[in-house]
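For reference, the structure discussed in these notes is given below.
The values are calculated or read from the model by the stated rules, or taken from the named source; none is laboratory data. Please read all numbers here as calculations on a predicted model, not as lab measurements. Cβ placement follows ideal geometry from the backbone for every residue including glycine, while neighbour counts extend to all protein chains displayed. These area figures cover heavy atoms from the full protein model, side chains too; ligands, DNA and RNA do not enter into them. Shrake-Rupley method; radii C 1.70, N 1.55, O 1.52, S 1.80 Å.
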Amino acid sequence: MANTIRTIPIKTHPDYTVSIGPGLLGRCGELIASTLPPCRVAVVTDSNVAKLYLPQVTQSLQAAGFSVCTHVFSAGEAHKNLSTLSEVLEFLAEEQLTRSDCVAALGGGVCGDMAGFAAGCYLRGVNYVQLPTTLLSAVDSSVGGKTAVDLQHGKNLAGLFLQPSAVVCDTDCLKTLPPLERADGAAEAIKTGVLSDEGLFSLFDTDDFTADLGEIVARCIAFKGSVVEQDELDNGLRRTLNLGHTAGHAIEKCSAYAIHHGHAVAAGLAIIARAAEALGWTEAPCAARICGVLRRNGLPTGTEYSPAQLAQAALADKKRRGGEISLVIPRKIGTCEMKTVPVGELESIFAAGWEDR
């Protein structure tokens, strides 16, 4: 099964297919050509990924009949901002891309967000495709059509919805990730297991969850796809995918984004699980199981930032509605629910689940 190429249809507006398997970057041109006619493709990537995969992707696209131009921006969450977005938009304009052309996001979540947002803004919307190269982007951000950049006051505060025309996930890219980036992706996949089912969650309670990364990615995408299909614009059910993200985004902001997204989400997931259990919202031993699996995969279950600091940082969270904010509460593995609380209670809730790392 490890070498199987899997395809998962996502029935959104428009619909598209996610292709998952080894060696797919070298075939990305033919896979994209099955969806889009010959056109110009602007490949947007970061300075780390460009050295690894940009020549291969460019060659594949050109062999499939596409004309290619490329833009490389500095790697890192610190560059996921309006300044970099402006650079990408000016590049698309300088290259005179038209509405019949396409943007390709080659890289991790930052690149996917940046290139997708630019594609949605430029000419009021052009096609784009996702070529995720990290486990985090493969299991989560490459699917669903959310794009965004960070503002000084918070993460992902400027963005739009734009579904990709295709997603091509080469699992060979995931095998060579450094441990920190692999753990980042594991955090989002573990989160998906808590949301979806015991079977997926239990895969991370083993000695080596990377034995079949294609299976992990496919199960996460299939679950997220089913949620997105029911709530494409994030008005209800899809908000449950933010499990662990309220405290997680607050941790990222407090650290000036020095803490990676997956590590922050892991700590946020542990905090809300312990808090929910302490407040009688969650069945024991849910929190202990979640924390145990996170630790097994090299992820934090707490933070140095105080409940007061986290609550203050969370005031800018997108999930806030006036004086209330929606939290995702794990009831047990495979069952979660939304709970709306006054923002004034956030500090005490975080305090109920807070641990110093």
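In table form, for the structure just shown:
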| quantity | calculated |
| --- | --- |
| Enumeration of residues in the stretch 77-121 that are aliphatic (A, V, I, L, M) and over 19 Å from Glu252 (Cβ atoms) | Val88, Leu89, Leu92, Ala93, Leu97, Val103, Ala104, Ala105, Leu106, Ala115, Ala118, Ala119 |
| Residues of the stretch 217-248 that turn out to be part of a helix (DSSP H, G or I) and more than 12 Å from Tyr305 (Cβ to Cβ), as a count | 22 |
| Subset of the stretch 39-80 [over 25 Å from the mean Cα position of the chain (by Cα) and among the β-branched types (Val, Ile, Thr)] | Val68 |
| Condition check for Leu31: crowded, with 17+ Cβ neighbours inside 10 Å and either at pLDDT 95 or above or touching a helix residue (DSSP H, G or I) at 6+ places or on another chain (Cβ under 8 Å) (or both) | yes |
| Qualifying residue in the stretch 182-200 (condition: touching a Cys at 6+ places or on another chain (Cβ under 8 Å), within 17 Å of Thr133 (Cβ to Cβ) and surrounded by 21 or more Cβ atoms within 10 Å (Cβ to Cβ)) | yes |
| Pair list, Cβ under 8 Å, 6 or more apart: the stretch 117-144 residue open to solvent by 10 Å² or more (accessible area, probe 1.4 Å), other residue of a type in the set (Lys, Arg) and in a helix (DSSP H, G or I) | Asp140/Lys224 |
| Selection status of Thr240, in contact with a strand residue (DSSP E or B) (Cβ under 7 Å, 6 or more places away or on another chain) and within 18 Å of Arg331 (Cβ to Cβ) | yes |
| Filtered residues of the stretch 151-165 (kept if out of contact with any strand residue (DSSP E or B) (no Cβ under 9 Å at 6 or more places or on another chain) and crowded, with 18+ Cβ neighbours inside 10 Å) | Gly154 |
| Tabulated pairs, the stretch 225-245, first open to solvent by 40 Å² or more (accessible area, probe 1.4 Å), second at pLDDT 95 or above and among the acidic types (Asp, Glu), C-beta under 7 angstrom, 6+ apart or interchain | Leu237/Asp231 |
| Criterion (in contact with a Pro (Cβ under 8 Å, 6 or more places away or on another chain) and among the β-branched types (Val, Ile, Thr)) met by exactly one of Thr282, Thr240, Thr303 | Thr282 |
| All positions within the stretch 253-267 that are over 21 Å from Val293 (Cβ atoms) and either in contact with a helix residue (DSSP H, G or I) (Cβ under 6 Å, 6 or more places away or on another chain) or in a helix (DSSP H, G or I) (or both) | Lys253, Cys254, Tyr257 |
| Elements of type helices (runs of 4 or more DSSP H) contained in the stretch 286-357, each with 2 or more residues being of a type in the set (A, V, I, L, M) and closer than 22 Å to Ser196 by Cα | 286-296 |
| Lone qualifier among Ala222, Ala256 - being over 16 Å from Leu136 (Cβ atoms), at pLDDT below 95, open to solvent by 10 Å² or more (accessible area, probe 1.4 Å) and out of contact with any Leu (no Cβ under 9 Å at 6 or more places or on another chain) | Ala256 |
| Residue list for the stretch 288-319, filter: over 17 Å from Glu188 (Cβ atoms) and either polar (S, T, N, Q) or surrounded by fewer than 16 Cβ atoms within 10 Å (Cβ to Cβ) (or both) | Ala288, Gly292, Thr303, Glu304, Ser306, Ala308, Gln309, Gln312, Leu315 |
| Pair list, Cβ under 6 Å, 6 or more apart: the stretch 166-179 residue at pLDDT below 95, other residue in a helix (DSSP H, G or I) | Leu174/Leu135; Leu174/Leu213 |
